[in-house]
Each structure stands twice: as structure tokens, then as C-alpha cells.
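This report refers to the structure that appears directly beneath it.
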Amino acid sequence: MRSVVPVWALTILAVIAVGVLVQPSGYLVFLPVVLGLALVLAFALQLIEPVRTGLVNRLAATFGGVLLILLVSTAVMAPLAFASGAAL
């Protein structure tokens, strides 16, 4: 679980950065980018891990946490994006 929590923390920091640095109409564009970067980072960190046992379980925990973080952040940011004129 040592490599799971840093990915979650970086995902939270990336979501905060999107909220601060991006115009509200661009929230729905950059949140999938955060998802992709988090998943690539998670996979890379899991491959660096010297213990191969439990790789799938660690990846599942990492992906689940990242998806939960992005689900909550999308629920908060999507109304703001639509209010500022974003379209799907």
C-alpha cells in the first residue's frame, strides 16, 4: 500500500490545480487528463515496486481510489462548468 497513497495524494493535488488554474468551462476537459496521468503514474509505480505479489490488488486499489476522487471532484466541478457555458 506504500505506492497507492502517493497516487491518491497526487490526484487530489492535480484536481486542486485544475480547479485553481483552469477556467471553469475547461474542467470537464482536464479531469480526464488527470485520470489518465494518474493511471499511468500508478502503473509505473507498481512496476517499480520490487514485490510482484499482489500487483493486481494494488492496481485495483489505486484505480478505485483515483476513480472515487475524480467522481467526487466531477460532482463538484461539473455544475460549475455547465454554469460557465461548457458543453459536452
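Coordinate-derived values only; no laboratory data. Every value quoted in this text rests on a predicted model; they were computed, and no experiment measured them. Cβ atoms come from the backbone with ideal geometry, glycine included; neighbour counts cover every protein chain shown.
Annotation note: trypsin sites (Lys or Arg not before Pro) in the stretch 1-71 located in DSSP loop regions with a Cβ neighbour count of at most 15 within 10 Å are ARG2, ARG52. Pairs of alpha carbons in the chain separated by more than 19 Å make up 40% of all such pairs.
Compared with the dominant Cα axis of the chain, that is its longest principal axis, helix 4-21 is turned about 20°. For a modelled paramagnetic label at VAL51, 7 Å from Cα along Cα-to-Cβ, the residues of the stretch 1-42 in reach, with backbone nitrogen under 14 Å, are 1-5.
Sorted by packing (mean other beta-carbon atoms within 10 Å per residue), highest first, where do 76-88, 4-16 land? Intermediate values should be presented prior to the final figure.
Working: 76-88: 13.2, 4-16: 17.4.
Per-residue mean Cβ counts within 10 Å order the peptides as 4-16, 76-88.
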